[in-house]
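Working notes, structure below.
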Amino acid sequence: MTKQQLSTLSEEARSWLKQIERRYTFEPQHEPLLLTCGRCLDRITEARQAVSTEGAYFTDKHGVVRSHPGIKIERDSQHLLSRTLQLLDILNDETPKLPPQSRRPRRGVK
């Protein structure tokens, strides 16, 4: 990934991506997926902060109690992050079956 692409991410997301890149071997075509993971992490964090600051619910102009939009953003970003990690075959496994440098994302496996 280029420095310009990484500069759009938070320090937390950049740090996480660096850890993932040290642990696994990726091909150039996987970089957009990795960048998507970083962006998802940032959206999740931003949404959590907004909900924490503003509250999980609000009353609209008609007096109807509604959930904060950040709740949906966080959920959607978590789903996209989970799906992207599945595509890269790096889902939260602390003890990979293969050594980190020989583990590659799956392609064409059904």
**Report entry** One residue from L17, L41 being at pLDDT below 95, under 12 Å from the mean Cα position of the chain (by Cα) and within 21 Å of I90 (Cα to Cα)
**Finding:** L17
Report summary line: In the stretch 1-20, anything surrounded by 14 or more Cβ atoms within 10 Å (Cβ to Cβ) and over 22 Å from E46 (Cβ atoms) is listed as none
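The values are calculated or read from the model by the stated rules, or taken from the named source; none is laboratory data. All figures in this text were calculated on a predicted structure; none of them were measured in a lab. We place every Cβ from the backbone using ideal geometry, glycine too, and count neighbours over all the protein chains shown.
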